[in-house]
1. Search the stretch 1-23 for residues being of a type outside the set (A, V, I, L, M, F, W, C) and at pLDDT below 90, and hand back the single one that is farthest from G112 (Cα to Cα).
2. For the stretch 71-87, does any single residue satisfy the condition of being of a type in the set (A, V, I, L, M, F, W, C), farther than 22 Å from H116 by Cβ and buried (at least 17 other Cβ atoms within 10 Å of the Cβ)?
3. Here is a check on your reading of the model: is L111 surrounded by 15 or more Cβ atoms within 10 Å (Cβ to Cβ), hydrophobic (A, V, I, L, M, F, W, C), touching a residue at least 60 places away in the same chain (Cβ under 8 Å) and under 16 Å from N20 (Cα atoms)?
4. Would you please name the residue that is nearest to the chain's Cα centre (by Cα), looking only at residues in the stretch 51-66 that are in a loop (DSSP other than H, G, I, E, B) and farther than 15 Å from L111 by Cα?
5. Pairs please, first residue from the stretch 53-74 and within 21 Å of V42 (Cβ to Cβ), second anywhere and loosely packed, with under 11 Cβ neighbours inside 10 Å, Cβ atoms under 8 Å, 6+ apart in sequence or on different chains.
6. Just one of the numbered conditions (1) exposed (fewer than 14 other Cβ atoms within 10 Å of the Cβ); (2) closer than 13 Å to L113 by Cα is not true of G65; which one?
Amino acid sequence: RAGQSRSSQILLRYETGDWNALHRDLFGELVFPLQVVIGLDVQGEDYTGGEFLLVEQRPRAQSRGTVTVLPQGHGLVFTTRDRPVRSARGWSAAPVRHGVSTVRSGLRRSLGLVFHHA
């Protein structure tokens with residue numbers, strides 16, 4: 001009803017020296033809150049580096065980063081935009097960005113599933 005009739009599947013390919021800047025996938029007025037990335041190659045065999053990055057911007061505090069290695073065939077569900085954070089004043093929305101660290105060698109591929117039309 002809101003015009004989001006299709007999802008977007010993205011095949012991501014990173015070669016030696018490639019990386020993906022921290023960003024949020026926000027397209028249109030209506031955005032589904034979760035997306036998925038699936039590892040297609042074996043880290044340490046097919047490529048080195050290329051870790052999945054999440055950075056949470058925390059209110060009145062330093063940003064916090066998380067690094068995840070995506071095993072082949074495994075999926076990671078993460079927020080498209082914000083995540084709820086409990087504080088002394090109740091709940092607030094913490095902006096979260098994602099990206100990929102520099103691939104040091106080889107070829108890293110993954111499948112991104114965005115559940116709104118990108």
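The values are calculated or read from the model by the stated rules, or taken from the named source; none is laboratory data. Keep in mind that what you see is a predicted model, and the values were worked out from it rather than measured. Cβ coordinates were reconstructed from backbone atoms using ideal geometry, including for glycine residues, and neighbour counts include every protein chain displayed.
1. So the residue we want is R1.
2. No, the stretch 71-87 contains no residue that is of a type in the set (A, V, I, L, M, F, W, C), farther than 22 Å from H116 by Cβ and buried (at least 17 other Cβ atoms within 10 Å of the Cβ).
3. In short, no.
4. Among them, the one singled out is Q57.
5. Between residues of the stretch 53-74 that are within 21 Å of V42 (Cβ to Cβ) and residues that are loosely packed, with under 11 Cβ neighbours inside 10 Å, the close pairs are L53/V67.
6. Failing condition for G65: (2).
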